[in-house]
Amino acid sequence: MKRVLTALILVPLVVWVVFWANYWVFLAVVATVACLCWSEYDAIAGAYGFGRPGILGYGVGLTILAWWDVHWLAVVAFAVFVLMLALREADLARALPRAALLVTGVIYVFGCWKCALPLRETYSPHWLMYALMLNWVGDIGAYYVGKPFGRRKLAPVVSPNKSWEGAAASVATSVLVGGFYLRNALPAVPLVHVLVLTAAANIAGQLGDLAESAMKRGANVKDSGTILPGHGGFLDRVDSTLFALPLIYGYLLLFPQ
C-alpha cells in the first residue's frame, strides 16, 4: 500500500514538472533529485571502506547540470584534478579507489541526469516522459510475470529475485506501452526505430538496476535510502532511468528528429 500511495503522489508531480514547469523549476527539481541520489550513492560508496566521495561531488555535479554545454575537456580536467587530490592521501593504497568512486559517481549520477535537460528542452518533453516511463511500466510487467512464473534466475549473485521471465516481460511491456506512447506522441519517429529503441532502453534500464544492486551488495546495503515509502531511496527508484536517459539522448544525437 505504501508503494502505491507513493506512486500516486509522485506520478502527477513528475508529469507536471516534465510538461508544464518552467525551465528553472524543472532544473531545480532535476538538481534536487540528483543531489538526493548523490547523497545515497555517497553513503554506499563510503561503505566500501575507502572514504566517502563527499561534498566535492555536489559541487562538480551541480556545475555539470547548470553548465549547458559541458565540453569533454572539462570532464577530463575533473578526473585529473581528482587524481591530484588523491595524492594527498596518507594511505596511498586508498588513493586510486577513492578517486575512482568520486569520478564514477559524479558521471553516474549527475552525468546521466544531465541528459534529461536536452531531452526536454532541445527535443520535446515527450522524449523525457518516454524515457521516464519505460522502466516504470517495465517494472510492472516484470513484477506480475516474474513473481508467479519466474523460474530461471537472471543474476542470482547480484539480485536473486530477478528472473529471465520477468526480464522478458519487462521488455515486452515497455515495447507495448512505451512504444505506443512514443508512436502517438512523436509520429515522425520511424516504427522500427520506436521498437528497437524502446527495447534497447528497457534493457539498458534493467542493467542499471542490476548495477545499483551490485553496488549495494558489495557495500552490504539493502536499500539506498528510506525517503520513498515502499520504494526505498531515490537511487533505488531511478537506477533504471539513469542508464536509459543517455541511451535515448545518444539515439537523438545519431538520428536528429
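The values are calculated or read from the model by the stated rules, or taken from the named source; none is laboratory data. Keep in mind that this is a model prediction, so the values were computed, not measured. Positions of Cβ are generated from backbone atoms using ideal geometry, with glycine treated the same way; all protein chains shown enter the neighbour counts.
Here is how the numbers come out for the structure above:
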{"read-out": "Complete set of residues in the range 46-60 that are closer than 11 Å to residue 106 by Cβ and either in contact (Cβ under 8 Å) with a residue 60 or more places away in the chain or in contact with a Gly (Cβ under 8 Å, 6 or more places away or on another chain) (or both)", "value": "53, 57"}
{"read-out": "Residue check for residue 69: of a type in the set (Asp, Glu), without any contact (Cβ under 8 Å) to a residue 12 or more places away in the chain and over 30 Å from residue 196 (Cβ atoms)", "value": "no"}
{"read-out": "Selection within the range 110-136 - modelled with pLDDT under 90 and surrounded by fewer than 22 Cβ atoms within 10 Å (Cβ to Cβ)", "value": "136"}
{"read-out": "Among the residues listed as 86, 93, 74, the single one being over 25 Å from residue 241 (Cα atoms), small (Gly, Ala, Ser), out of contact with any Lys or Arg (no Cβ under 8 Å at 6 or more places or on another chain) and free of Cβ contacts under 8 Å to residues at least 24 places away in the same chain", "value": "93"}
{"read-out": "Total residues in the range 85-102, condition part of a helix (DSSP H, G or I) and surrounded by fewer than 10 Cβ atoms within 10 Å (Cβ to Cβ)", "value": "1"}
{"read-out": "Residue match in the range 220-231 (condition: loosely packed, with under 14 Cβ neighbours inside 10 Å, in a helix (DSSP H, G or I) and out of contact with any strand residue (DSSP E or B) (no Cβ under 9 Å at 6 or more places or on another chain))", "value": "no"}
{"read-out": "Residue 108 being more than 25 Å from residue 52 (Cα to Cα) and of a type in the set (Ser, Thr, Tyr)", "value": "no"}
{"read-out": "Verdict on residue 60 being closer than 30 Å to residue 188 by Cα, of a type in the set (Val, Ile, Thr) and either at pLDDT below 90 or buried (at least 17 other Cβ atoms within 10 Å of the Cβ) (or both)", "value": "no"}
